[in-house]
Structures are given as C-alpha cells and as structure tokens.
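Read the structure below first, then the notes.
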Amino acid sequence: MKILIIEDEQEIALSIKNYFKTNGVQCETANNCTSALNKIDNYSYDCILLDLMLPDGDGFDILRELKNQNKTEGVIIISAKETLDTRIEGFNLGADDFLTKPFHLSELLVRMQALIRRKNFQGNNTVVFNEISIDIFSKTVTINNERLDLTKKEIDLLLFLIGNNNKVLSKGAIAEHLSGDMADMLDNHDFIYAHIKNLKKKLHAAGSGDYIKTIYGLGYKWENE
C-alpha cells in the first residue's frame, strides 16, 4: 500500500508515517496544497490522508482537483475542523471517510486498510486468484494451499498486478508503486525486470499458472492463461 499524507503539522505527519511504516505501509508527505497537487499530478496512491486547513489553500480544493482529474484514490479527511457542513461538503466532493483530530493511529490504520480493501479487492481481507491466495494483513501467499516464500516487494508487486488484472502496467508505473517518488531518481527501471523475473520463477516453481505477460515495448500485464 502506498499513501499520501497531506498535513502541514510536521509532528502529526511524521507520527503517522512512522506508525504506518512499521505496519508495512509506504508513505509520502506533502505539507501544503502546492506540493500535494504536484504529487497527485505525477503519482498514483492507494489512499490519501487529507487535512483541510493548509497554509496555502483549502483541502476542499484538493478534493475538487481529484474529482476534475477523475482520480480513484481513496480519501480520508483528517481534521480538527468538524462540523456537519464540513463533513457533508467533504463527502459531496468525493471523500470516503472523515476522522476528527485527535485520533488514535491504530484506528486511522484500520480505516485506511478497510477503504483500500473496499476499493481494490471488494472488501476482502484475502485476495484469491485461481490457485493463488494472498492474506493482505499477514502478507502471506499460498499456492494450492502451500505457503510460498516471497519478499515484501514481491508480495507488493503480486498484489499490484492482480489488483490491475488485464491492464497493461508500464515499468514506470510499477517502479512508482514499489518505490514511490524515489522512482524519479533512478537511472533506469532494470530492477523491475529483476522483480518480475524472480516472481515469475517462484510462482512457476510452486505450480502456479503463467499469469504475468510481457507486453513488449509497453510493460507487463496480469491475465488468465
């Protein structure tokens, strides 16, 4: 999972980031509207945590821009500014959830996980594709009920591919998903080829079907045989 934390209070943003990191969530941060909109324009996220009161604008403006761009990221508003009108406006502009400050980080994590399950995997805690089963919380993978040893990156890659079933994913999109905005700093995306190759090899050795297809010149696609 990759999320964007839009929060100008550095202490709050850092505490969320550190807590989520220990739970296997990749986090990026933005402390104002300008940097947030720049990241939203250039990257995709599984979920956005959005404060409404930002130094150079209003969080509602970010919701409007997400709507204008037809973005599908889930959005949880995290704000001390809670009135009925505020909540209604947020939901009308496309927010999925609203959590009032102060809040427990454990509750925020659970709400974020539930939102991503609803959007990407029809609310399921376990992702099943034919003989492959992935427990999202424990990050375990089984093939025909036999445990398969995968690295965290390989599990993230597997979920990304299955979650985008039948869609062609460019190397850049995969690099961005696995590395966030650090992908821009890489000279090339050769590491994607290595991850794909290793994942295919492990799946094949465990008796899984050949679902990862190379689309030459474009990227990769997960599809049924």
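The values are calculated or read from the model by the stated rules, or taken from the named source; none is laboratory data. Bear in mind that the values here come from a model prediction, so they are computed numbers and not experimental data. Neighbour counts are summed over all protein chains in view; Cβ atoms, including those assigned to glycine, are modelled from backbone coordinates with ideal geometry. Protein only, heavy atoms only, side chains kept; ligands, DNA and RNA dropped before computing areas. Shrake-Rupley method; radii C 1.70, N 1.55, O 1.52, S 1.80 Å.
Structural remarks
- Out of Leu66, Leu49, Leu37, Leu108, sole residue that is part of a strand (DSSP E or B) and either buried (at least 18 other Cβ atoms within 10 Å of the Cβ) or of a type in the set (A, V, I, L, M, F, W, C) (or both): Leu49
- Against the numbered list (1) modelled with pLDDT of 85 or more; (2) buried (at least 20 other Cβ atoms within 10 Å of the Cβ), Glu176 comes up short only at (1).
- In the condition set (1) within 24 Å of Ile136 (Cα to Cα); (2) open to solvent by 50 Å² or more (accessible area, probe 1.4 Å); (3) aliphatic (A, V, I, L, M), Leu84 is compliant with all but (1).
- Of all the numbered requirements in (1) closer than 21 Å to Glu9 by Cα; (2) touching a Gly at 6+ places or on another chain (Cβ under 9 Å); (3) open to solvent by less than 20 Å² (accessible area, probe 1.4 Å); (4) not small (Gly, Ala, Ser), Ile116 misses one, and that requirement is (1).
- The residues of region 140-173 that are part of a loop (DSSP other than H, G, I, E, B) and exposed (fewer than 14 other Cβ atoms within 10 Å of the Cβ), listed by number, are Asn144, Asn145, Asp149, Thr151, Asn165, Asn166, Lys167.
- Only residues that are over 14 Å from Ile174 (Cα atoms) and either touching a Gly at 6+ places or on another chain (Cβ under 9 Å) or hydrophobic (A, V, I, L, M, F, W, C) (or both) were counted in region 195-222, giving 3.
- Test: His195 is at pLDDT 90 or above and either assigned to a helix (DSSP H, G or I) or among the charged types (D, E, K, R) (or both): yes
- Within the option set Lys152, Lys139, being on the phi > 0 side of the Ramachandran plot and not hydroxyl-bearing (Ser, Thr, Tyr) holds for one residue only, Lys139.
- Condition met for Asp61 (surrounded by 15 or more Cβ atoms within 10 Å (Cβ to Cβ), touching a residue at least 24 places away in the same chain (Cβ under 8 Å), of a type outside the set (A, V, I, L, M, F, W, C) and more than 24 Å from Glu107 (Cα to Cα)): yes
- Residues satisfying the stated conditions in region 179-192, i.e. open to solvent by less than 40 Å² (accessible area, probe 1.4 Å) and modelled with pLDDT under 70: Gly180, Ala183
- Of all residues in region 61-118, those satisfying the criterion of being farther than 19 Å from Tyr43 by Cβ, touching a Ser or Thr at 6+ places or on another chain (Cβ under 8 Å) and among the charged types (D, E, K, R) are Glu82, Lys101.
- Residue check for Ile78: open to solvent by less than 10 Å² (accessible area, probe 1.4 Å) and not in a helix (DSSP H, G or I): yes
- Residue in region 3-17 that is touching a Phe, Trp or Tyr at 6+ places or on another chain (Cβ under 7 Å), at negative phi and open to solvent by 10 Å² or more (accessible area, probe 1.4 Å) present: no
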